[in-house]
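Q: Provided herewith is a single structure, encoded as structure tokens, for subsequent inquiry.
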Amino acid sequence: MSKVVTLGEILARFSTTAGTRISHIDHMQVVYGGGEANVAISLANFGHVVSFASKVPDNALGEAVKRHLKSHNVSTEFLLQGGPRLGTYYMEAGVGERGASIFFDRAGSSFAVMNDIEWNLSELFKDVDIFHVSGIVSAVSVAWRDMAVELVKAAKAAGCIVSFDVNYRGKMWSQAECGALIQKILPYVDCCSAGHMDALYLLGIPEAPSDVANELVYYYEKMHQIFPNIKLFYATKRDVVSASHNRLTGAIWHQKDGLVMSKTHEINPIIDRVGGGDAFSGGVLHGILSGWTLQESIDFGTAASALKHTVHGDTNLFSEREVSDFLAAGSGAIQR
């Protein structure tokens, strides 16, 4: 299989159970996660050779992160140790009409206080097929905005396919700050996870005229005109019935083959929505690395995301065979 490197901050997640408010909590569940780490675990589950690059403190929490990654067959060769603390976030689980709430506590973390790239880039990108990173990395600090651009440039120069997930987080930085940064990153990107909201509010693309046949095609074509190096865009469309009930459809666009859609997955009840987008990205990238058709890739990625919603924690816990069996059997079928 292929060799992959993902890079980002891994966090400890403290979460309530459904029906409990953080302000009234006396115990919380703890798991480890973060966008790029979640994608790394998905791709390792699907059989690829994956390394995750980050920095964690040299203490018991840093060791716990290491153990978490290794338990999912992700290499920690590029997991640096040092610095003051592990970043965290807190999630108040949603239920019914009340959506989940997330509170970040990552200022001053070992990853956030990095001011220089501490990896040997020739070693980091040696023989790597795909390098994956997201916009969250650049939102962590001002220094990381420059370092993220330097990293994607180096990955591109080393011959990697560069995968970028816009992953805008309004609680971390403004639309203007994010838009300015991704304008610098996207010229080096090959595959991009982005939707029409990113086109409108981060890239300033005008709203689609009312007479266009397909709005998503319009936005992807406009983005491709600005960044012709990006050959493939993908995203999910999520219809939120409630915090416990969503409908999920995947879309993938290629410059030659146009737009392809998955079937719509009815996810009800949702056990844990966090990490669903990362499972989707991991599934789509697996299809790309495996040489699958666009239809096969988007079907697999969307199914992987739907399955992620059924388990606790940030990470996808399903193998390629399990996702494929789910696709073949259909929703709710018993696997015998």
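Residues checked against (1) in contact with a helix residue (DSSP H, G or I) (Cβ under 8 Å, 6 or more places away or on another chain); (2) open to solvent by less than 60 Å² (accessible area, probe 1.4 Å):
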{"position": "His196", "(1), (2)": "yes, no"}
{"position": "Pro228", "(1), (2)": "no, no"}
{"position": "Lys263", "(1), (2)": "yes, no"}
{"position": "Val274", "(1), (2)": "no, yes"}
{"position": "Phe280", "(1), (2)": "yes, yes"}
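Q: Another one. Scan region 1-56 for residues that are among the small types (Gly, Ala, Ser), over 26 Å from Asn115 (Cβ atoms) and in contact with a helix residue (DSSP H, G or I) (Cβ under 6 Å, 6 or more places away or on another chain) and jot them down.
A: Once the filter is applied, which keeps residues that are among the small types (Gly, Ala, Ser), over 26 Å from Asn115 (Cβ atoms) and in contact with a helix residue (DSSP H, G or I) (Cβ under 6 Å, 6 or more places away or on another chain), region 1-56 yields Ser2, Ser42.
Q: Might you check whether a residue that is aliphatic (A, V, I, L, M), part of a helix (DSSP H, G or I) and in contact (Cβ under 8 Å) with a residue 60 or more places away in the chain occurs anywhere in region 255-277?
A: no
Q: On to the next question. From the list Val65, Val74, Val56, exactly one residue is under 23 Å from Ser319 (Cβ atoms), over 17 Å from the mean Cα position of the chain (by Cα) and among the aliphatic types (A, V, I, L, M). Which is it?
A: Exactly one residue qualifies, and that residue is Val65.
Q: Taking region 10-33, which residues are open to solvent by 10 Å² or more (accessible area, probe 1.4 Å) and either under 15 Å from Leu79 (Cα atoms) or among the acidic types (Asp, Glu) (or both)?
A: Scanning region 10-33 gives Asp26, Tyr32.
Q: State which residue is nearest to the chain's Cα centre (by Cα) when the search covers only region 27-53 and only residues that are more than 14 Å from Ile10 (Cα to Cα) and at pLDDT below 95.
A: So the residue we want is Gln29.
Q: Please work out if Ala251 is outside any loop (DSSP other than H, G, I, E, B), open to solvent by less than 20 Å² (accessible area, probe 1.4 Å) and touching a strand residue (DSSP E or B) at 6+ places or on another chain (Cβ under 6 Å).
A: yes
Q: If you don't mind, another one. Does Glu36 qualify as being among the acidic types (Asp, Glu) and either surrounded by 18 or more Cβ atoms within 10 Å (Cβ to Cβ) or touching a residue at least 40 places away in the same chain (Cβ under 8 Å) (or both)?
A: yes
Q: Determine whether Ile288 is open to solvent by 10 Å² or more (accessible area, probe 1.4 Å), of a type outside the set (Lys, Arg) and touching a His at 6+ places or on another chain (Cβ under 7 Å).
A: Judged against the criteria, Ile288 is not a match.
Q: Restricting the first residue to region 296-316 and requiring it to be surrounded by fewer than 24 Cβ atoms within 10 Å (Cβ to Cβ), which pairs with a second residue that is of a type in the set (Asp, Glu) meet a Cβ separation below 8 Å and a spacing of at least six or different chains?
A: Hits for this filter: Leu307/Glu322; His309/Asp272; Val311/Asp272; His312/Asp272; Gly313/Asp272.
Q: Can you name the number of the only condition in (1) assigned to a helix (DSSP H, G or I); (2) of a type in the set (A, V, I, L, M); (3) within 26 Å of Ala304 (Cβ to Cβ) that Val31 fails?
A: So the condition that Val31 fails would be (1).
The values are calculated or read from the model by the stated rules, or taken from the named source; none is laboratory data. All figures in this text were calculated on a predicted structure; none of them were measured in a lab. With ideal geometry, Cβ positions are generated from the backbone for all residues, glycine too; neighbour counts draw on all protein chains shown. Heavy atoms of the whole protein, side chains included, go into the accessibility calculation; ligands, DNA and RNA do not. Shrake-Rupley method; radii C 1.70, N 1.55, O 1.52, S 1.80 Å.
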